[in-house]
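Have a look at the structure below before the remarks.
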Amino acid sequence: MNDAVRKMLATIAHQTAATASTTGRSTLSPTVLAAIEAVNRADFVPDNALNRAYDDGPLAIGYGQTISQPFIVALMTDLLDIEPDHKVLEIGTGSGYQTAILSKLAAEVYTVERIENLAEQARQQFEKLGYDNIHCRQADGYLGWEEHGAYDGIIVTAAAAAVPPALLNQLKSGGRMVIPLAEARGYQDLVLIDKDKEGKAHSQPLLSVSFVPLVAD
Ligand code: SAH
């Protein structure tokens, strides 16, 4: 492991501990940490930001979008409690960094991105790097990806005003969704939703966050 990655992992551990009182997670699972270590963030960062590839902050990826902060990627991944046989849906492929981490933990990852150039770039990168359990689609993620549902986990990497109903429908009973939701005055909360065995959803705000908006087409 090089120094930049070591430092990124140390920052993630520190941030995790510092936010545990509201997230309920004081450490991240070893499998999640191994997945983060296994994916080179530099593979998903534009050339002009390579010197900051392992900084714990978001970076611009063009089209007004960002690659998310490593700590937030790690926390959201951990909150999904992914098992090796799980099928996960991601809304907002962006750079593909979060997708790549999910693909190390789940059986299949379905990812939806509305900006065609970003969707295509990510698809090419997954192919080049040999990720063969990632399925990409260019579409409006508000509608999820019904054909392959229901999903064990759903992760939304852009902030919505409310949980898109289609996504809730496509979540399995017993499944978990992590989504940033916009609150009054522009604040956003990272919200964990779990669907119980009877299909009833329970939601819990965990942490104040800052994401680009989920755009309705
Ligand atoms: N996980 C990504 C985050 C990218 S930012 C990463 O770490 O790189 C959020 C992404 O959501 C952007 O690429 C944006 O284009 C996309 N997005 C916004 N609204 C969307 C929608 N309705 N459907 C699908 N993707 C959407």
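Just so you know, all these numbers are worked out from the coordinates, no wet-lab data involved. Here the structure is a predicted model, which means the values were calculated and not measured. Using ideal geometry, Cβ is built from the backbone for each residue, glycine included, and neighbour counts are taken over all protein chains shown.
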Checklist outcome for this item: Charge tally for neighbours of A166 with beta carbon under 11 Å away, counting Lys, Arg as +1 and Asp, Glu as -1, is -2
Next on the checklist: Sequence gap at least 6, Cα distance under 8 Å: using those rules, report the relative contact order of segment 3-208 to the nearest whole percent.
Outcome noted: 15
Checklist entry - Between Y187, Y110, Y142, which gets the highest mean-square fluctuation from a Gaussian network model of the chain, Cα cutoff 10 Å? => result Y187
Checklist entry - So what are the ³J(HN,Hα) numbers for segment 80-97, from phi and the Karplus equation (6.51, -1.76, 1.60; θ = phi - 60°), rounded to whole Hz, Gly and Pro as x? => result 6, 6, 6, 10, x, 9, 7, 10, 10, 10, 10, 10, x, 4, x, 6, x, 5
Item to check | In sequence order, calculated HN-Hα J values of segment 132-149 (Karplus, 6.51, -1.76, 1.60; Hz; x Gly/Pro) | outcome: 10, 10, 10, 10, 9, 8, 9, 5, 7, x, 4, 8, x, 8, 4, 3, 9, x
Item to check | Per-residue HN-Hα couplings for segment 48-54 [Karplus 6.51, -1.76, 1.60; θ = phi - 60°; Hz; x = Gly/Pro] | outcome: 6, 10, 4, 5, 10, 4, 10
Checklist entry - Taking the Cβ of Y110 as the center, what net charge do the other residues with Cβ under 11 Å away carry, scoring Lys and Arg +1 and Asp and Glu -1? => result -2
Checklist outcome for this item: Expressed in nanometres to one decimal, the distance between label points 7 Å along Cα→Cβ at E83 and L143 is 3.2
Item to check | Environment charge at Y97 (Cβ cut-off 10 Å; Lys +1, Arg +1, Asp -1, Glu -1) | outcome: 0
Next on the checklist: Can you list residues from other chains, or at least 5 along the same chain, whose modelled amide H is less than 5 Å from the amide H of Q188?
Outcome noted: E183, V209
Checklist entry - Hey, which of these cross-link pairs are over 21 Å Cα-Cα: K104/K195; K128/K172; K87/K172; K87/K195? => result K104/K195; K128/K172
Item to check | Beta bridges by DSSP in the chain, antiparallel share as percent, to the nearest 5 | outcome: 45
Checklist outcome for this item: With -39,500 (n - 2.57) per DSSP H segment of 4 or more residues and division by the full residue count of the chain, the 222 nm estimate, nearest 500 deg cm²/dmol, is -9000 deg cm²/dmol
Item to check | Spin-label proximity, N117 to segment 47-70 - amide N less than 20 Å from point 7 Å beyond Cα toward beta carbon | outcome: 47-50, 59-68
Item to check | Residues whose placed amide H lies under 5 Å from that of I154, excluding near-sequence neighbours | outcome: L89, R176, M177, V178
Item to check | Two-decimal ratio, the chain, of alpha-carbon radius of gyration to 2.2 N^0.38 Å | outcome: 0.94
Next on the checklist: Taking the Cα centroid of segment 185-217 and of segment 113-181, what is the distance between the two, rounded to the nearest whole Å?
Outcome noted: 15
Next on the checklist: Let's test the formula: R0 of 25 Å, r as the Cβ-Cβ distance of A49 and S29. What FRET efficiency results, to the nearest 0.05?
Outcome noted: 0.30
